[in-house]
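Trainee: Structure incoming, see below.
The values are calculated or read from the model by the stated rules, or taken from the named source; none is laboratory data. Remember, it's a predicted structure, so these values are computed and weren't measured experimentally. Every residue, glycine as well, gets a Cβ built from its backbone with ideal geometry; the counts of neighbours run over all protein chains shown.
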Amino acid sequence: MNGKTFEENAYGIAVKRCCASCRYKEVSRLVRSRRCVKHKKIVKPSDVCDDWEMSETLKSAGRSKGVVRDVKTKEELF
């Protein structure tokens, strides 16, 4: 896949289809490579395969309806 492809989660957040956003990535501190749990191989974060599925964390991105408060006064800013 040469072009960038995005998928929208249930809350309207655009998520790039790549190994870095896949549910099958192994969580680690590596930046330049990742291990795919499904295919059991080392991949680049920008790679993508036909088995890509959005990670659970990114599925829930945008769900929270929090507020921004001033540090000192604790007043709501937004």
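Trainee: Within the stretch 30-40, is there a residue that is at pLDDT 90 or above and loosely packed, with under 11 Cβ neighbours inside 10 Å?
Mentor: Taking the stretch 30-40 first, the residues at pLDDT 90 or above are 35-40.
Still in the running and loosely packed, with under 11 Cβ neighbours inside 10 Å: 40.
The answer is yes, given that some residue of the stretch 30-40 is at pLDDT 90 or above and loosely packed, with under 11 Cβ neighbours inside 10 Å.
Trainee: For the stretch 54-68, indicate whether the set of residues that are among the acidic types (D, E) and free of Cβ contacts under 8 Å to residues at least 12 places away in the same chain is non-empty.
Mentor: Going residue by residue through the stretch 54-68, those that are among the acidic types (D, E) are 56.
Those still in the list that are free of Cβ contacts under 8 Å to residues at least 12 places away in the same chain too: none.
Among the residues of the stretch 54-68, not one is among the acidic types (D, E) and free of Cβ contacts under 8 Å to residues at least 12 places away in the same chain, which makes the answer no.
Trainee: Let me ask you something else. From the residues in the stretch 45-78 that are charged (D, E, K, R) and closer than 21 Å to A14 by Cβ, which one is modelled with the lowest pLDDT? Can you show your working first?
Mentor: In the first step, residues of the stretch 45-78 are kept if they are charged (D, E, K, R); the result is 47, 50-51, 53, 56, 59, 63, 65, 69-70, 72, 74-76.
Then keep just the ones that are closer than 21 Å to A14 by Cβ; that gives 47, 50-51, 53, 56, 59, 63, 65.
Details: D47: 91, D50: 92, D51: 94, E53: 95, E56: 93, K59: 93, R63: 86, K65: 74.
In this case the residue turns out to be K65.
Trainee: Quick one: which of V15, V43 is under 15 Å from the mean Cα position of the chain (by Cα) and either in contact (Cβ under 8 Å) with a residue 40 or more places away in the chain or more than 21 Å from G62 (Cα to Cα) (or both)? So that I can check it myself, show each step before the final result.
Mentor: Numbers: V43 fails: under 15 Å from the mean Cα position of the chain (by Cα).
After ruling out the rest, the residue left standing is V15.
Trainee: If you don't mind, there's one more thing I want to ask. Return the residue satisfying two criteria in turn: it lies in the stretch 46-62 and is part of a loop (DSSP other than H, G, I, E, B), surrounded by 12 or more Cβ atoms within 10 Å (Cβ to Cβ) and of a type outside the set (S, T, Y), and of such residues it is farthest from the chain's Cα centre (by Cα).
Mentor: Among those residues, the one meeting the criterion is C49.
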